1. Give the lysines whose C-alpha is closer than 17 Å to that of Lys74, dropping any in the same chain fewer than 8 places away, or say none.
2. Sort out for me the Cα centre separation of region 35-61 from region 63-88, rounded to whole Å.
3. Measuring from label point to label point, each 7 Å out along Cα→Cβ, what is the Asn42 to Leu80 span in nm?
4. Order the peptides 9-18, 41-50 from the highest to the lowest mean number of other Cβ atoms within 10 Å of their residues.
5. Which value in Å is the Kirkwood Rh of the chain over different Cα pairs?
6. Just to confirm the number: angle between the C-alpha axis of helix 49-77 and the first principal axis of the chain, 0 to 90 degrees, nearest 10?
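Values quoted throughout were computed directly from the atomic coordinates according to the rules given, and no laboratory measurement underlies them. Just so it is clear, the model here is predicted, and its values are computed rather than measured. Cβ coordinates were reconstructed from backbone atoms using ideal geometry, including for glycine residues, and neighbour counts include every protein chain displayed.
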Amino acid sequence: MEKPQRPYKSFEEYRTSGLPVGFDSGGWPCTQCRGLGCEACNNTGLGTKEDCKQAYKMIIDEWKKDVEVYKAYKAILTKLTKQEIEILKAVGI
């Protein structure tokens, strides 16, 4: 199991990642279409700061859960013998 990597280093990186060329980087992209235009934003590509913050928070919260699972997994592995670890690897865990 590999350590989960933080998906974005900051809220600003999330806000500006994957935006289409020419998108006003000072605006808030629609969280559903990432600035391309869809029914949710009336094809403007724009959303609200609150929606962006909520979407970012959900992504980071999911990452934090994955990190906790990883830490628990690592803690369990430290209690196993080398032979037990090899058996787990052999069965694909």
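1. List returned: Lys3, Lys64, Lys65, Lys82, Lys89.
2. The two parts, judged by their Cα centres, are 36 Å apart.
3. Using points 7 Å along Cα→Cβ, the separation is 5.6 nm.
4. Ranking, from highest mean packing down: 41-50, 9-18.
5. Numbers: mean 1/r = 0.0629 Å⁻¹.
It is 15.9 Å.
6. Helix 49-77 sits roughly 10 degrees off the main axis of the chain.
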